[in-house]
């Protein structure tokens, strides 16, 4: 499900069962990330799929990339693997105005 920046951050703040996934590359993550995000580089398909198998299917996943394209793709993959609750950050990290870390 696509959520606006505002919807995503508000829903995440209220969600006790949330996990944030950053599907960007190492170089992108080095420029900054949303705190407590787990990186799973979607451009490394083998590693991405291996890490996906270890995810808790009961959690709610908040997924982002640089602009929203790869995270939408990641949400589709998560859903295909039985993870129902997956939220894509429209506009991605490039439009994120919330807290960041380096």
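Values quoted throughout were computed directly from the atomic coordinates according to the rules given, and no laboratory measurement underlies them. Just so you know, these numbers come straight off a predicted model, no measurement behind them. Cβ atoms come from the backbone with ideal geometry, glycine included; neighbour counts cover every protein chain shown.
Let me spell it out: the conditions are (1) surrounded by 17 or more Cβ atoms within 10 Å (Cβ to Cβ); (2) in contact (Cβ under 8 Å) with a residue 24 or more places away in the chain; (3) under 22 Å from residue 101 (Cα atoms), and residue 41 meets all of them except one. Which number is the exception?
All conditions are met except number (2).
Of all residues in segment 1-34, how many are over 14 Å from residue 65 (Cα atoms) and either exposed (fewer than 14 other Cβ atoms within 10 Å of the Cβ) or touching a helix residue (DSSP H, G or I) at 6+ places or on another chain (Cβ under 7 Å) (or both)? Lay out the reasoning, then the answer.
Filtering segment 1-34 down to residues over 14 Å from residue 65 (Cα atoms) leaves 1, 6-7, 9-19.
Next, only the ones that are either exposed (fewer than 14 other Cβ atoms within 10 Å of the Cβ) or touching a helix residue (DSSP H, G or I) at 6+ places or on another chain (Cβ under 7 Å) (or both) stay: 1, 6, 10, 13-14, 16-18.
Final tally of qualifying residues: 8.
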